[in-house]
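First up is the structure itself, then whatever we jot down about it.
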Amino acid sequence: MRPLMLRRLAFAPALALALLAAPLAQAATFVFTAIPDEDETRLQERFQKVADYLSEELDVEVRFIPVNSYAAAVTAFRNDQVQLAWFGGLSGVQARERVPGSQAIAQGVEDAAFTTYFIAHRSTGLEPADTLPEEIRGMTFTFGSMGSTSGRLMPEYYLRERFGVAPDELFSRVGYSGNHSRTASLVASGAYQLGALNYTAWENEVEAGNIDPEAVRVIWQTPTYPDYQWSIRGDVDARYGEGFTDRVRQALLDMDDPELLASFPREGFIPASNEDYAPIRETGIALGLIDE
């Protein structure tokens, strides 16, 4: 009995130290996520490679965790479950509003002047035009995610600007597909007559052979606006060391592996700031998607 008790007493401090060390080890891991603008399998493939790259560049353990919605990405950022996120314009503004000191630190070369495509099933008879046609009144329409900049915020803004009414009043049925690739497939199948998605997602789907451009066509594209960006929490320097935000920014700006960039897809990354997304914030407030 006595030797067993001594062994237990000797083991107890070791166990206590292990339990104390576990949170410290966990805290050293730098975690990021990305809005689910495509299906989860593609996201995991895309961002695991990014995690490996950042881990090597930053000399810390970096982990990617997927989320199932735009709102979940914002919540994970707010709750410190992730410290970095690849957001759309709207979700980035929403996340940074909830975490003091957070910054947009990098955007894709293409993200400074992003655009949304409005697509139509061939059965509508609609052709490409310089403006949204009157004929879309009464048709069925699907956005992407409710929190998407290119799949909801900006297309709704331009619909309201063109027709002067909310989408529910303009269309006979309005849906939210959840992501851009699903929007394309829903319109291609005829489940919806019309939809809106970002131009890079459309080009990816066509290039991959997932969409027949003869069955679905682009009928209008929006003016340009700022969209996707990397946002980082305002407290990372205190946790990972002074200058860590700058190191993360530089690692993203230095990303030049064609395979990594193709997974976004982006030509490369350029510096970004919160001020770049002021137009998105203003539009979000106007549509009631962001509180003043």
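Couple of notes before you dig in:
- Normalising by residue count, the stretch 215-292 has a Cα convex hull of 171 Å³ per residue.
- Probe 1.4 Å, accessible area per residue of the stretch 219-292, Å²: 48 Å²
- Dipole of the chain [Lys/Arg +1, Asp/Glu -1 at C-beta], most positive-end residue of Ser231, Asn79, Thr283: Asn79
- Directionally averaged projected area (the stretch 128-187, Cα convex hull): 4.0 nm².
- When peptides 77-87, 52-62, 149-159 are sorted by average Cβ neighbour count within 10 Å, with the highest value leading, the order is 149-159, 77-87, 52-62.
- Of the DSSP H helices in the chain, those whose Cα atoms cover at least 30 Å axially and whose Kyte score averages -1.0 or more: 2-28
- Using only alpha-carbon positions in the stretch 47-91, the gyration tensor eigenvalues give semi-axes of 21, 11, 9 Å once each is multiplied by 5 and square-rooted (largest first).
- Using θ = phi - 60° in the Karplus curve 6.51 cos²θ - 1.76 cosθ + 1.60, the 3J(HN,Hα) couplings for the stretch 262-274 round to 5, 6, 7, x, 9, 6, x, 10, 10, x, 9, 9, 4 Hz; x is entered for Gly and Pro.
- Protein heavy-atom surface of the chain, 1.4 angstrom probe: 51% of the accessible area is carbon and sulfur, with nucleic acids and ligands not counted.
- Rg followed by Dmax, in Å, when the chain is reduced to its Cα trace: 22.5, 89
- Unit charges at the beta carbon, dipole of the chain: most positive-side option, Thr245, Ala120, Thr183: Thr245
- Segments 263-271, 175-183, 283-291 sorted - mean Cβ within 10 Å per residue, highest first: 175-183, 263-271, 283-291
- When peptides 235-242, 193-200 are sorted by average Cβ neighbour count within 10 Å, with the highest value leading, the order is 193-200, 235-242.
- Amide H contacts for Thr116 (H built 1.01 Å from N in the peptide plane; partners 5 or more residues away or on another chain; cut-off under 5 Å): Thr222.
- About the Cα centre, charge dipole magnitude for the stretch 202-242 (Lys/Arg +1, Asp/Glu -1 at Cβ), debye: 160 debye
- Pairs of Cα atoms farther than 22 Å apart, the stretch 104-260, %: 47 percent
- Translational D in µm²/s for the stretch 53-123 (Stokes-Einstein at 25 °C, 0.890 mPa s, Kirkwood Rh from C-alpha pairs): 170 µm²/s
The values are calculated or read from the model by the stated rules, or taken from the named source; none is laboratory data. Quick caveat: nothing in here was measured; it's all calculated off a predicted structure. Because the Cβ atoms are built from the backbone with ideal geometry, glycine has one as well, and the counts that use them run over all protein chains shown. With ligands, DNA and RNA removed, areas are computed over all heavy atoms of the protein, side chains included. Shrake-Rupley method; radii C 1.70, N 1.55, O 1.52, S 1.80 Å.
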